[in-house]
1. Can you give the angle from 0 to 90° between the axis of helix 89-99 and the longest principal axis of the chain, with both taken from C-alpha atoms, to the nearest 10?
2. Can you flag which of LYS97/LYS236; LYS12/LYS97; LYS207/LYS261; LYS93/LYS130; LYS64/LYS97 are past 23 Å Cα-Cα?
3. If you plug each phi of region 4-9 into the Karplus form 6.51 cos²θ - 1.76 cosθ + 1.60 with θ = phi - 60°, what whole-Hz ³J(HN,Hα) values come out, in order, with x for Gly and Pro?
4. So if I take the centroid of the Cα atoms in region 277-310 and the same for region 139-159, what is the distance between those two points in Å?
5. Would you work out which of LEU229, ALA180, ALA202 lies farthest towards the positive end of the dipole of the chain, given +1 charges on the beta-carbon of Lys and Arg and -1 on that of Asp and Glu, about the Cα centre?
6. Probe of 1.4 angstrom, ligands and nucleic acids ignored: what's the accessible area per residue over the chain, in square angstrom?
7. Over the Cα atoms of region 184-254, how large are the radius of gyration and the largest Cα-Cα distance (Dmax), in Å?
8. What is the local net charge at PHE296, summed over the other residues whose Cβ is closer than 11 Å to its Cβ (Lys, Arg +1; Asp, Glu -1)?
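The values are calculated or read from the model by the stated rules, or taken from the named source; none is laboratory data. What you see is a predicted model, and the numbers here were worked out from it, not measured in a lab. Positions of Cβ are backbone-derived with ideal geometry, glycine not excepted, and every protein chain shown enters the neighbour counts. Ligands, DNA and RNA are excluded from the accessible area calculation, which covers all protein heavy atoms including side chains. Shrake-Rupley method; radii C 1.70, N 1.55, O 1.52, S 1.80 Å.
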Amino acid sequence: MQNKVQIVVWDKSRGTGGRMSTSRNPDGTSSLADLGAQYISATQYYAQAHHSIYAELLAHGILKPLEATVEGLRDVDGTKNYVTPAGMSSIAKHFLKESGAQLHFNHHVTSLFRRGASWEVHRKGGEPEKFDAVVLTMPVPQILQLQGDLSDLLAADQRGQLEAVSYSSRYALALFFPPAATVPVPWAAWYVPGNPCIRYVAVDDRKRGQESPDCGSSLVVHTSVPFGLQHLELDKEEVQPIILEELHKLVPGLPQPTSTKCQKWRYSQVLTAVPGCPGHMTLLAEPLLVCGGDGFTHSNLDGCVESALRVLGALKEASVQWEAPR
């Protein structure tokens, strides 16, 4: 597509990754912390279907096999698990770099207006711009919240399918420790059974096989879905002490962190996708307006790849009709 279109990415966040988010200690002394997706699981089917994707990521050192101990991890026959040495966001960064896209962060899309053969896209705190085609990949409820002409263009069956999409919600908390501090647990990650607050804990550098006395460890906590839903409308500052109190019960003797970061995932993982998991939805053919993302498939890397391939197909079909690169 690079020879046919100019690709521009608007991301409302401050960095690449979305729910494949990777954070680091502000003082730079601690390991990375994956606050969203934790590792990649490729089933036997998808390892074959997306072989070229996995081969590329492995060849570039972006993925490597998960060798650390994950207590409670379900062992599914034929499934291969991978970690990311540079953090989960490195996957998105790699493909965006390969695409040649222009990246613009802190660009929060608010509305879309049809202007003849183009879309005029508005954002918070900036001037609108026109595009020949638009692909929306934010969580589906945020697509439905967009202002402008989108609401009038949605067919009744499209709106019904989009409104049926649902997500789980949870909080994630990262603790960054100073160099030489020891996290007193035998595992790299643990799926906690039966706890009403915490579902998953990981020593993130150990999970990636990167423990070093010169770099402090990081600990990542994911809450349970019921806890996330119960506390969804609270501020992060109110929820963090609750998570920490429960964490110290589960893992006593933790060293004092140098910093922490709490993340609210209002849209964590897809519970109910668009019926039939079509991978994408074309809302308008001319000018092209396409939706994609895990809301149209399922919440893992392979779901994202499946959606991306379907969106690419829609763009290729439209590009045949475009007279020249724009």
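1. It is inclined by approximately 30 degrees.
2. Too far apart for the 23 Å limit: LYS97/LYS236; LYS93/LYS130.
3. 10, 9, 9, 9, 10, 10
4. So the separation of the two Cα centres works out to 15 Å.
5. Positive-end residue among those listed: ALA180.
6. Computed with neighbouring chains in place, this is 50 Å² per residue.
7. Expressed in Å, the Cα Rg and Dmax of region 184-254 come to 13.2, 39.
8. Computed value for this residue: -1.
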